[in-house]
Structure formats: structure tokens, C-alpha cells
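Beneath this line is the structure, given in C-alpha cells, with notes to follow.
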Amino acid sequence: MKSTLNQGRLIRTVVSVLTLLCLLLLPSSRHLMSSPQSFSKRFNRGDAIRLTIWQPWQVGDKKDSGLDIDGDYLIDSGGFVFLPLIGEIKVVSHNTKTLAAELTEKFNAYIQDPIIIVEPLIRVALLGAFRRPGTYLIPPDASLWALVDKAGGPDDDSNLRKMFIERSGRTIRKDLLGGFEKAFTLQELGIRTGDQLILPVRKQFRMKDAFEILRFGLSLLNLYLVITKISK
């Protein structure tokens with residue numbers, strides 16, 4: 001019986017030592033586990049933030065529950081946003097957690113015990129065969145289809161297979177149809193603020209086109225006949 005207890009104690013000791021060694025020898029693993037922050041959780045110049053303050057608010061002295069502050073706010077070139085009541089605040093040095101904490105402290109002067117959520121947004125222009133082309137704000141972890149849906153979806157004559165991303169006048173990604181099928185996020189596709197999503201129109205062969213080609217062909221034939229006649 002005593003021998004069995006000693007063996008059990010020895011096994012527990014060995015397991016503890018091995019566990020400690022693993023933690024000491026794998027610092028990178030600990031770093032990955034303890035630092036889940038990613039691009040989508042931070043704020044960048046030219047992006048925007050989405051501010052949400054949960055209701056109901058408790059009303060106290062000099063505090064108002066009727067404020068309408070929720071909304072999207074653009075980040076300027078200096079990394080600042082201008083918010084109601086508290087004015088200008090720098091956000092590019094923050095992630096979602098630290099910015100929410102700072103805004104909670106500042107808004108607490110006007111709103112009692114606010115529960116604040118902030119979300120990063122990127123700004124993307126949708127051009128071409130969309131029902132409502134324009135510039136839209138969207139979270140970077142949204143899907144490509146969610147972005148297309150903001151513009152009302154593709155037109156009936158659009159060519160989804162030819163859709164591409166353009167940045168500073170050059171194409172950075174083509175063949176985006178797989179992004180729909182695999183539900184890639186905008187971040188996974190490398191889309192960021194200032195990019196343009198361009199959807200070309202599908203070229204259709206119409207009777208009018210056939211007549212134009214026929215007329216052009218007849219013109220060439222007539223020109224050939226005239227040249228042949230002159231050369232004789």
C-alpha cells in the first residue's frame with residue numbers, strides 16, 4: 001500500500017515538472033494564447049468607429065437619458081474622432097477594449113454608468129454594376145457578400161466572375177467569386193480603407209451588335225471592291 005502511494009506521488013511530481021518545462025520552453029505559444037488582438041480590433045487613420053451605448057440609462061444629477069450618441073464616426077488624418085459631449089479624442093493608439101474604457105470614463109460625466117461598445121469600420125467604394133454604387137462603412141470581419149449587400153446587391157447584367165479590387169489605380173486582387181463561396185472576411189481578402197470594389201457589366205451579344213458588325217463587314221467589302229476596280 002505504501003509502495004502504491006509513493007508511485008502515485010512520483011507520477012504527479014513528474015507530470016508537474018513536465019508541465020512547468022513546457023510552459024518555460026514555449027513562450028511563443030503563451031504569447032499567442034494571451035494576446036488575441038488582431039488588425040480588426042484596432043483603429044487606423046481614415047477608418048471609422050461605430051459607437052454603441054446601451055440603454056436604459058440611469059438618470060442622475062446633470063445626466064440625461066435622452067441623448068442620441070450611437071453612430072459611426074470617421075477617424076481623421078491625425079487619428080482623432082469628434083464625439084458629442086466629449087469633443088475630440090485620439091483613437092489610433094487604442095484597441096476596442098482600451099477605447100471603450102476611456103469613453104466610459106469620459107461619458108460618465110453625462111451618462112450614469114454607461115455601457116459602451118466600440119467597433120472598427122473600414123471605408124470601401126463599390127463601383128460598377130451594383131444597384132446602389134457608393135462608399136460604405138463596414139466592419140473588417142464582415143463577409144464580402146455583406147459588403148455587396150450594402151450596395152443593394154449586383155445588377156442583373158453584372159459579371160461577378162470579373163469582380164476585382166483596385167487600390168491607388170492598380171488591381172490588387174481578382175477572381176473574388178470564391179470569396180462568396182467560402183465566406184471569406186474582408187480582412188482575409190486584404191481589403192482595407194480606400195480600396196475600390198469594381199463589378200464590371202456582363203457583355204451581351206445583341207442583334208444591334210450583329211447589325212453593326214455586318215455593316216462594318218460590308219464597308220470593308222465595298223472598300224475592297226473599289227480598290228480592286230481602281231487597280232485594274
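The values are calculated or read from the model by the stated rules, or taken from the named source; none is laboratory data. Remember, it's a predicted structure, so these values are computed and weren't measured experimentally. So basically every Cβ, Gly included, is an ideal-geometry build from the backbone, and we count neighbours across all protein chains shown.
Pairing each residue of the range 84-107 that is within 16 Å of GLY71 (Cα to Cα) with any residue that is assigned to a helix (DSSP H, G or I), provided the two are 6+ apart or on different chains, yields C-beta distances under 6 Å for ILE86/LYS106; VAL91/LEU99; THR96/LYS41. Quick one: what pairs do we get from the range 189-216, first residue closer than 19 Å to ALA142 by Cβ, second at pLDDT below 80, C-beta under 9 Å, 6+ apart or different chains? Listed pairs, sorted by first residue: LEU189/GLY179; ARG192/PHE39.
Each row is one residue, and each column tells you yes or no for (1) touching a Pro at 6+ places or on another chain (Cβ under 7 Å); (2) surrounded by 15 or more Cβ atoms within 10 Å (Cβ to Cβ); (3) part of a strand (DSSP E or B).
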{"position": "PRO114", "(1), (2), (3)": "no, yes, no"}
{"position": "ILE122", "(1), (2), (3)": "yes, yes, yes"}
{"position": "ALA125", "(1), (2), (3)": "no, yes, yes"}
{"position": "TYR136", "(1), (2), (3)": "no, yes, yes"}
{"position": "ASP141", "(1), (2), (3)": "no, yes, no"}
{"position": "ILE165", "(1), (2), (3)": "no, yes, yes"}
